[in-house]
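The values are calculated or read from the model by the stated rules, or taken from the named source; none is laboratory data. The shown structure was predicted, so the numbers you read here are calculated from the model rather than taken from an experiment. As a convention, Cβ positions derive from the backbone with ideal geometry for all residues, glycine included, and neighbour counts pool all protein chains shown. Surface areas here come from the heavy atoms of the whole protein model, side chains and all, with no ligands, DNA or RNA. Shrake-Rupley method; radii C 1.70, N 1.55, O 1.52, S 1.80 Å.
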Amino acid sequence: MRALPVIGITLDSEEPGGYSKFPWYALRQNYCSAVVAAGGLPLPLPHEPSLAADYLDRIHGLIVTGGAFDVDPALFGAATRHETVVVKKARTQFELAMIQGALKRDMPILGICGGQQLLNVALGGTLIQHIPDEVAECLAHEQPNPRDQAGHDAVLVPGTRLADIAQSLRIPVNSAHHQAVKDVAPDCIVNARAEDGVIEGIEHPGHKFCIGVQWHPEFTISDADSRLYRAFIKACHA
């Protein structure tokens, strides 16, 4: 049997309160269980930018997770910050170090929700800071129903790697974001959109596996979500 590929998964961080009176890390269990189900060994990653290279020496693929915070607009050259934007500087600094190191090594990367947004920024793209202010008649991208249910459909772009993986050009997805990709990074392409035009996925054809999706495939809303994880783990074996 082949050894399980080790998949680094970025953690969220929280200030004191709730679980602990001291700062603490957080990660939904399904981020890990989705990796296990696809044949990988999940390894959550504490936020230590100085150890990024050491982490990368020990993992075979990187998942950059989402969270209830935003990419600092200064990172993509914005002169102003929308009033809704909340940043976590230490987390973003670490995730940027991991993404940049993984890209240099051509290590498989899967960016999820905010992870896709940061991946786009790391590659040179920009973001919509608040969808309702920039997209007329937008869908409810912060869906009112539970995240383990679909919020809307994503329409996949024919000929993209994501469409090939999903084996479908329309899939139901959940939605928990108020920001989105605006200008796609150089050399990246859009692989999915919502019906209101909001970009739901990007990929970099020049890398072994470099895909970002705006939804949360770890909830396995559709078979396409499971296929995405299996394709990612397969790339990590290569």
Query raised in the report: Which three lengths, in whole Å and largest first, does the stretch 73-160 cover when its Cα atoms are put on their principal axes?
Result: 38, 36, 25
Query raised in the report: Using alpha-carbon pairs under 8 Å, 6+ residues apart, how would you state the relative contact order of the stretch 191-238 in percent?
Result: 22
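Loop only per DSSP, at most 13 neighbouring Cβ atoms within 10 Å: give me the GluC sites (Glu not before Pro) in the stretch 1-100, ordered by residue number.
Here the GluC sites (Glu not before Pro) that fit, given the DSSP loop and packing criteria, are Glu83.
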Query raised in the report: Going from most exposed to least, what order do Thr65, Thr80, Thr220 have by accessible area with a 1.4 Å probe?
Result: Thr80, Thr220, Thr65
Query raised in the report: If you take the alpha carbon radius of gyration of the chain and divide it by 2.2 N^0.38 Å, what ratio comes out, to two decimals?
Result: 0.94
**Report entry** Pairwise label distance in nanometres, Ala238 with Arg105, each label 7 Å out on the Cα-Cβ vector
**Finding:** 1.7
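Taking the stretch 1-80, which trypsin sites (Lys or Arg not before Pro) meet the DSSP loop condition and have no more than 16 other C-beta atoms within 10 Å? Working shown, then result.
On the way: sites: Arg2, Lys21, Arg28, Arg58; in loops: Arg2, Lys21, Arg28.
Those that pass, being in a loop and sparsely packed, are Arg2, Lys21, Arg28.
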Report task. Using only Cα atoms, locate the centre of the stretch 10-66 and the centre of the stretch 122-194, then give the distance between them in Å, rounded to an integer. Result -> 23
Query raised in the report: Which value, in Å² rounded to 10, gives the accessible area of Ile221 with a 1.4 Å probe and all protein chains present?
Result: 40
Report task. Would you mind classifying the stretch 158-238 by shape? Square roots of the alpha carbon gyration tensor eigenvalues, ordered a ≥ b ≥ c; an a/c under 1.5 is rounded, otherwise it is prolate if a/b is larger than b/c and oblate if not. Result -> oblate
Report summary line: Fraction of alpha-carbon pairs in the stretch 10-113 farther than 16 Å apart, rounded to whole percent, equals 62
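How high is the relative contact order of the stretch 6-236, given as a whole-number percent (alpha carbon pairs under 8 Å, six or more residues apart)? Could you put the intermediate results ahead of the total?
On the way: 498 pairs, mean separation 47.0, N = 231.
The value is 20 percent.
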Query - Dipole moment magnitude, nearest 20 debye, the chain about Cα centre, only Lys, Arg, Asp, Glu C-beta charged - result: 820
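Heavy atoms only, probe 1.4 angstrom, no DNA, RNA or ligands counted: give me Met98, Met107 ranked by accessible area, highest first.
Working: Met98 0, Met107 20 Å².
Descending order: Met107, Met98.
State, as an integer percentage, the relative contact order of the stretch 158-238 based on alpha-carbon contacts under 8 Å between residues 6 or more apart.
31
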Query raised in the report: Can you work out ³J(HN,Hα) from phi for every residue in the stretch 15-25, in order, using Karplus 6.51 cos²θ - 1.76 cosθ + 1.60 and θ = phi - 60°, giving whole Hz and x for Gly and Pro?
Result: 6, x, x, x, 4, 8, 7, 10, x, 9, 9
Query - Farthest positive-ward along the stretch 1-106 dipole, Cα basis, beta-carbon charges - from Tyr31, Ala68, Val85 - result: Tyr31
Report summary line: Spelling it out for His152: with amide H atoms placed in the peptide plane at 1.01 Å from N, the residues 5 or more places away or on another chain with amide H under 5 Å from its amide H are Val173
Query raised in the report: Taking amide hydrogens as modeled 1.01 Å from N in the peptide plane, which residues meet the under 5 Å criterion relative to Asn191, leaving out close sequence neighbours?
Result: Gly201, Ile202, Glu203
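Once every DSSP H run of n ≥ 4 in the chain is given -39500 (n - 2.57) and the sum is divided by its residues, what mean residue ellipticity at 222 nm do you get, rounded to the nearest 500 deg cm²/dmol? Mind dumping the intermediate values first?
On the way: 7 runs with 68 residues, N = 238.
Computed ellipticity for the chain at 222 nm equals -8500 deg cm²/dmol.
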